Amino acid sequence: MVRTRFAPSPTGFLHIGGARTALFSWAYARCHGGKFILRIEDSDVARSTSEAVEGILQAMDWLGLDYDEGPFYQQQRMERYREVIAQMLDEGSAYHCYTSPEELEAMREAQRARGEKAKYDGRWRPEPGKILPPPPAGVLPVVRFKNPLDGSVAWNDRVKGRIAFCNTELDDLIIARQDGTPTYNFCVVVDDWDMQITHIIRGDDHVNNTPRQINILRALGAPVPEYAHVSMILGDDGQKLSKRHGAVNVMEYEADGYLPQALTNYLARLGWSHGDDEIFSMEQFRAWFDLDHITPSAAQFNTEKLDWLNAHYLKTADDEDLVRLVRPRLAQIPAGEQPPLAAVMALYKERVANLNELANEAAVFYTDAPTSPESCALCAQHLDEQSRPALAEFIAAAREISWEAPAINALIKQTITRHNLKMPRLAMPMRVLLTGRAQTPSVDALLALFPREMALERLERGIGSCSL
Ligand code: GLU
């Protein structure tokens, strides 16, 4: 049974890199019929906040990354960590160390002076035949892990291939501080063990933690999971992704009007591929995902491609779904909602890049924008002695036709022919009088969007209020 986890530290919002790690871990569990576990790594009390936890949960929810177990909180597992530390002390795989910070500093200085790498020298490490000094009075010890002294620790990383570290490079890691609180790497190990994690998919900034974690797992007699360290994400400019590149907080994409399907599809392709497929659903992704097609090299963020995907998902979105997403982005809509918001969505969803643009386009239908001074000025550019009577005639005749785009179109054509006008001379003032904008979808569809009387009233009122 595959069991994966996403283990964010709640020290900030969920960023793009974390979201991709979560997505990959989620997909791997889903594709193998396994379990996906959410674990909040809040052992660092000083840096963890409940707002960050909330933000992470909200972002997971928005992205559609459902988890089968958790969220587990490390803060609630302190008893368990203490228990394992006691067990390790008991079994001899960990020991008390009384070295003071001053002694440690002196030790490091001496090592540096000898041209050696600075590391704990094992002075409190018990060994057969070694006599340890008596513990100094009044000093609280830390607990250190007894790392193997020789040999190496290696794993076949599912993304990066074989990685090996010499044990001589690793010193005896502190697993509990003087106050008894467990340290980061130790909590991760106990959690992965207890939660029976089989595959750890995480950012490659954790590669250096892995040999330490494997050694502790082995000392505990715990199975060693598989590791897949995913490379970092670079910004559009090839530099490390940061705030400079715009949004890095996942929920900023929500605020900017991206659809979660667009972002998950985009992130899925960021460092992973399935042939040449660019557009695929979460269902396809969870069926196709594998670790073999994750690229070991860094992936570069491409905002243009994300925008392209967003436009695609907007275009193909269900109108009612768009209503639900756009309504909160609009001011109160007058009672009666004419034209219906769903109809506006249907007409505009192919023309916009994001939900905010869609809301912006929709807003004009529920305000008096068409009679604003700007609209009147715009209208005056197109409405003159020739087009004005044509428009008046259109309004009169429009009461007699069936109020649908084809009939409206036929009447517009008939009117411009009778008045010997080119299409824009009539269509442009209509656009402006209906929406306050010169850029709209085709004018017949636009007119048909409104109830007849409402459309004609906007045209009439517009002609009246625009001084020509
Ligand atoms: N809590 C770590 C982080 O947010 C992840 C640890 C892990 O995946 O092992 O970077």
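Couple of notes before you dig in:
- Condition check for ARG269: within 26 Å of GLU51 (Cβ to Cβ) and basic (Lys, Arg): no
- Selection within segment 182-196 - more than 9 Å from the ligand (Cβ to nearest atom), touching a Lys or Arg at 6+ places or on another chain (Cβ under 9 Å) and under 12 Å from ARG3 (Cβ atoms): ASP194, MET195, GLN196
- Pick from segment 197-209, criterion near the ligand (Cβ under 8 Å from one of its atoms) and free of Cβ contacts under 8 Å to residues at least 60 places away in the same chain, ranking: farthest from the chain's Cα centre (by Cα): ASN209
- Of the numbered criteria (1) touching a residue at least 12 places away in the same chain (Cβ under 8 Å); (2) away from the ligand (no atom under 16 Å from the Cβ), the one TYR253 fails is (1).
- Looking across segment 393-417, the residues that are over 52 Å from the mean Cα position of the chain (by Cα) and of a type in the set (Gly, Ala, Ser) come down to ALA396, ALA397.
- Filter result (not in a helix (DSSP H, G or I) and not hydrophobic (A, V, I, L, M, F, W, C)) within segment 441-468: PRO441, SER442, PRO451, SER467
- The condition of being in contact (Cβ under 8 Å) with a residue 60 or more places away in the chain, more than 16 Å from the ligand (Cβ to nearest atom) and crowded, with 21+ Cβ neighbours inside 10 Å holds for LEU267.
- Given (1) farther than 30 Å from GLN300 by Cα; (2) in a helix (DSSP H, G or I); (3) more than 16 Å from the ligand (Cβ to nearest atom), index of the condition TRP62 fails: (1)
- Conditions (1) within 12 Å of the ligand (Cβ to nearest atom); (2) in contact with a Phe, Trp or Tyr (Cβ under 6 Å, 6 or more places away or on another chain); (3) assigned to a helix (DSSP H, G or I); (4) of a type outside the set (A, V, I, L, M, F, W, C); number of the one not met by TYR227: (3)
- Checking ARG212 against (1) charged (D, E, K, R); (2) farther than 29 Å from PRO141 by Cα; (3) buried (at least 20 other Cβ atoms within 10 Å of the Cβ); (4) more than 11 Å from the ligand (Cβ to nearest atom), the condition it does not meet: (2)
- Within segment 1-12, being within 12 Å of the ligand (Cβ to nearest atom), touching a residue at least 40 places away in the same chain (Cβ under 8 Å) and either surrounded by fewer than 23 Cβ atoms within 10 Å (Cβ to Cβ) or closer than 19 Å to SER281 by Cα (or both) holds for THR11, GLY12.
- Subset of segment 23-59 that is of a type outside the set (Val, Ile, Thr) and within 10 Å of the ligand (Cβ to nearest atom) - its residue that is surrounded by the most Cβ atoms within 10 Å (Cβ to Cβ): SER25
- Contacts under 8 angstrom Cβ, first residue in segment 18-33 being under 21 Å from ALA52 (Cα atoms) and assigned to a helix (DSSP H, G or I), partner hydroxyl-bearing (Ser, Thr, Tyr) and modelled with pLDDT of 95 or more, 6 or more apart: LEU23/THR264; SER25/THR4; TRP26/THR4; TRP26/TYR67
- Taking the criterion of being under 26 Å from the mean Cα position of the chain (by Cα) and not in a helix (DSSP H, G or I), the residues of segment 306-349 that qualify are THR316, ALA317, ASP318, LEU330, LYS349.
- Check on ASP171, away from the ligand (no atom under 16 Å from the Cβ) and either among the acidic types (Asp, Glu) or in contact with an Asp or Glu (Cβ under 6 Å, 6 or more places away or on another chain) (or both): yes
The values are calculated or read from the model by the stated rules, or taken from the named source; none is laboratory data. Not measured: the values here are computed from a predicted model. Positions of Cβ are backbone-derived with ideal geometry, glycine not excepted, and every protein chain shown enters the neighbour counts.
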